[in-house]
Amino acid sequence: MIQHDIADYRAPGRRWFSQVVWGLEEAFKKAKAADQAEDDTRTRMRIFILLALFATGFGCLALGASHSALFSGAGKPNGYLAPLGAARADLTDREGRLLAVDLIHFGVYVDPREIWDPAETQRVLGAALPGLQTARLDKALHSDRREYLLGGLTPEEKARIQDMGLPGVSFEEEEHRVYPLGTSAAHVIGFTDKGGTGLAGMELAFDEQIRRQAGQGPFATSIDLRVQAALDDELEKTAIKFGVNDAVGIVTNIHTGEVLGMSSWPNYDSNVPGQAAPYNLVNRAAASVYEPGSVFKVFSMAMALDSGSATMNSTYNVESLQLGNRTIHDFHAVHGAITLPEVFIHSSNIGTAKMALQAGAPTLTKYFKAFGLFTPAKIELSESARPILPRGANWTDGTVASTSFGQSISVSPLSLAQGMGGILNGGELIPLTLKKVDPANRPKGTRIVSEDTSRKMLDLMRLNVTAKEGSGGKADAPGLSVGGKTGTAQLVIDKKYSKDRVLASFAAVFPTDGPIDADRYFVLIMLKDPKRLPETFGFATAGWNAAPAAGRVIDRIAPFVGVRRAAPALAAATPIAVAAKPAGDEGSLAIEGDAQ
Amino acid sequence: MTRQPHAFARTDRTRAGVWWWTTDHVLLGVVAILMILGVMLSFASSPAAAARIGLGDPFHFAVRQCVFAVIGACFLLGGSMLSPKGVRRAAFFIYIGAIAVMMALPIMGHSAKGATRWLEFGGFSLQPSEFMKPALIVLVAWMFAEGQKNEGVPGVSIAFGLYALAVALLLVQPDVGQTILITIAFGAAFFVAGVPLRWIFGMLATAAAGMTAIYFAFDHVAARVHKFLSHDKVDTHQIDRAQEAIAAGGLFGRGPGEGLMKRHVPDLHTDFIYSVAAEEYGLIFSLLLIGLFALLVTRGLYKAMKLSDPFEQIASAGLFVLVGQQAFINVAVNLNLIPTKGMTLPFISYGGSSMMAMGLTLGLALALTRRRPGAYTATEGLARAGAYA
């Protein structure tokens, strides 16, 4: 017996080892014998089990391969291979019209080691890619590895180069942000860097969401492209006509806070922001602050009416106002005592200052703060600028008087839009937004004035357009019940208020009629330093430039936002503003007849 | 019309003629196709791989792959011409040689990527453990078969001894991947040899314990398992790029030579050749590749099943398991179904040792499954043999 031979060793260690081996072998044999008699079949059976396992395993691999290749979704968004930059969701306006889109472009590479004829390659590539610097091409051709030459080639450009069949020239896909509208809405859309990171406008404001939503459908903004286009167009025409320094246009839905249009002039093309002058890149609607002038009287008057320090029937002597050694002047001299609506339509600085002084600094600052004038406008844009406020917490009479008609305080155009929207929408301050708001989920605002005050302010705005002495007459779009307030603020040049250079603004709301919760839109036009033209009879005041521009914008956008045009009024026996006067508001607007 | 005589007539009694008519044509054909595909893919991936490493000749890897394929084919043909006795003899010498070289590795070996697995000579690096695998499987199959004969040979003990020696040398390198491969193949051979079921459970428990020990003993193994289990925050560069490449390939692929992954990912011409192929040639090609491997393994095991000699059964089954599991694991890693394990795709991945060893493995397997008098039972299939009776 072999096991005896193995066991026949003298060393105890070896004996132990041989016993273990013998035991193992015996156990194996015994177990095998006990398990089954038919060895042959069992071996086959077991090989068959292995075969079945492998068949199943490879079947699973086939399924896994199909899944990975067709349904995994890997590599499409945020992919390393397809795009070099991070993919971004499309930006659309509120009705799905394209504002910004990622398109596949191509980067071109050369590998000098694969090139047969460097001279020919250099000549042909140089001719085909005018944007390519000669030095760069030269350096790449003398490199010892594959080099990136140029990005952003369109499929046509790529095909043209590929058709030349140059060895060693290859392409890789890269995402490229394209703004099909060019200069339209450029400031509000903003732009990205080459790596696909938002740098300005909504591209920056919603950067994270836009990346996250890549590949999951477009990102809907509040912008209405038709409104934006009309606004851009009118603003540009007006800006050029009056030779302004810069201009701002804003259209908002005052019930939802949605910005439907936001325009800043001079503008730039979002596709090539690098080619624009730095001055043009600033979104003046959000990032600039202005001393707005008389449009601020909307805030002062709402404050006075809502706080109870004034009523529609309050009268003010506007002969003169002496504060210390400072005399407040009125543009349009009116003599004697006039009512509050008259103060509004004559845009009396003296009347407004007296009204504000009556209310007192604490009330004024409390209301201005509630109107959102002391903080940057609440909107997603990171450009939204901080206002420049008078120094000190306790305002002097002089400060109260100045701020009441929009001096000594600088706010962004968006702040004006936000505050006035709150006053005119029924009295709730609603943060502005560039995201599309679901009509069913209208945001709940913060109450800043009563519904009654809101109604009165709508009527006052309308009166300023319809009344003969009103400054907003040129904004009256037929049948749209436009209301608005002009503002012609002296520009500060060399630390002094200029005598002849102004910021002309028109803050409009339409329609002013209908119930308080009816759809209503706010339009702001601001022109910095408009020139005096013969056709404006040498005036640079807002009524001659900003107001007509606002009127034209309203006329054009009303059909887009769904505001119905009333039938043209028949030749009225009574003044138009009286006809527009809401029932049950006796006396408040009775001044037209008397004042004339 | 005179018929062109076949190169090897059935009546041809020369060595080549006999070889041709007794070797399984399906297996031969599948291996030939795989080798040709490997060479073809190497022409697509080689320029990018060469550029990454900074080699001047873009077809450095492609040309070498052609040479390896020819050498591999020679190994395969040479191996397949052996008799079962010759197979045992060859396995014995290869095992001894490989073990000797592996023992010498710590002194004269070439270290790369954190392990000493390669032997460098004349510009080529050889991985002895690749050749040890098929030799070990043949030897343990022999020992199991001898052990069953009840002639006093302590087969099971010798088999375990051979296996333990190989594992010990592999873990010194350390090469956990090969350890797992030979463990699975060894287990399969033992299983086929007729190990009782309760032993199997015991061995599975031991294997589980061993895996756990490996997990705790080797940092890079633990890191890979962690990487697989937690997809965030860790660097999964290779596997992420592989997933993107496969998805980018879709059904029809980007087109030959159009793949981008190969320009960005290291080891693409070895461990991640599947992803490169899937990106350039699409799902259709991937399924063809998986199908070829499935056919190779199932056909091989089917042949093994029908053999009559226990040694030939166990050895050929073990060898096909060796090839099959390596293909399975490589593709599964590429598809991110299991943790990353550096492993080549048989016949397709770039690599001399892998190609030659695979040629040897398949050659030995083909030799064992050749039709010889008495090699196969008269009855075909399981049913007649009574498995389902």
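Read the figures in this text as sums done on the coordinates, not as results from a lab. Please read all numbers here as calculations on a predicted model, not as lab measurements. Virtual Cβ from ideal backbone geometry, glycine too; neighbours counted across all protein chains shown.
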- Whichever aspartates and glutamates have a C-alpha closer than 15 Å to that of residue A:435, once near sequence neighbours (fewer than 8 apart) are set aside: A:90, A:93, A:95, A:203, A:207, A:208, A:224, A:258, A:380
- Note on the structure: Taking a crude spin-label model, label points 7 Å out from Cα along the C-beta direction, the residue B:32 to residue B:70 distance in nm is 1.8
- Compute the FRET efficiency between residue A:145 and residue A:193 as 1/(1 + (r/R0)^6), taking r as their Cβ-Cβ distance and R0 = 25 Å, and round to the nearest 0.05. 0.45
- The FRET efficiency for residue A:17 and residue B:165, from their Cβ-Cβ distance with R0 = 22 Å and rounded to 0.05, is 0.90
- Message: Placing unit charges on C-beta atoms (Lys and Arg positive, Asp and Glu negative, everything else neutral), compute the dipole magnitude of segment B:22-371 about its Cα centre in debye, rounded to 20.
- Response: 520
- Query: What's the angle, to the nearest 10 degrees (0 to 90), between helix A:546-561's Cα axis and the longest principal axis of chain A?
  - Reply: 50
- Message: At a 10 Å Cβ-Cβ cut-off, how would you order A:297, B:149, A:435, fewest neighbours first?
- Response: B:149, A:435, A:297
- So how many Å³ per residue does the convex hull of the Cα atoms of segment A:473-534 work out to? 99
- Message: Can you compute the charge dipole magnitude of chain A about its Cα centre, using +1 on each Lys and Arg Cβ and -1 on each Asp and Glu Cβ, nothing else charged? Give it in debye, rounded to the nearest 20.
- Response: 960
- In degrees between 0 and 90, to the nearest 10, how far off the longest principal axis of chain A does helix A:12-35 point, with axes built from Cα atoms? 80
- Across the residues of B:306-316, average count of Cβ atoms on other protein chains within 10 Å? 2
- Prolate/oblate/rounded call for segment A:466-509, Cα gyration tensor, a/c under 1.5 rounded: prolate
- Task: Could you name the aspartates and glutamates whose alpha carbon sits less than 17 Å from that of residue A:366, not counting residues in the same chain fewer than 8 places away?
- Result: A:306, A:397, A:428
- Mind checking the mean number of beta-carbon atoms from other chains within 10 Å of the Cβ atoms in B:242-255? 5
- Message: What number do you get for segment A:144-274 when its Cα radius of gyration is normalised by 2.2 N^0.38 Å, N = residues?
- Response: 1.36
- Note on the structure: Taking only Cα atoms of segment A:85-195, the Rg to Rh ratio with Kirkwood Rh works out at 1.08
- Message: If every alpha-carbon in chain A counts as one equal scatterer, what log10 I(q)/I(0) does Debye give at q = 0.09 1/Å?
- Response: -0.77
- With everything on Cα atoms, drop me the angle between helix A:413-424 and the longest principal axis of chain A, reported from 0 to 90° to the nearest 10. 70
- So, relative contact order of chain A in percent, Cα under 8 Å, 6 or more apart, is 13
- What does the convex hull of the Cα atoms come to per residue for segment B:22-371, in Å³? 134
- If the cut-off is 13 Å between C-alpha atoms, which aspartates and glutamates fall inside it for residue B:341, apart from same-chain ones fewer than 8 positions away? B:175, B:267, B:271
- Task: Could you tell me which of rounded, prolate or oblate describes segment A:364-441, using a ≥ b ≥ c as the square roots of the eigenvalues of the alpha-carbon gyration tensor, with rounded for a/c under 1.5 and, failing that, prolate when a/b is larger than b/c and oblate otherwise?
- Result: prolate
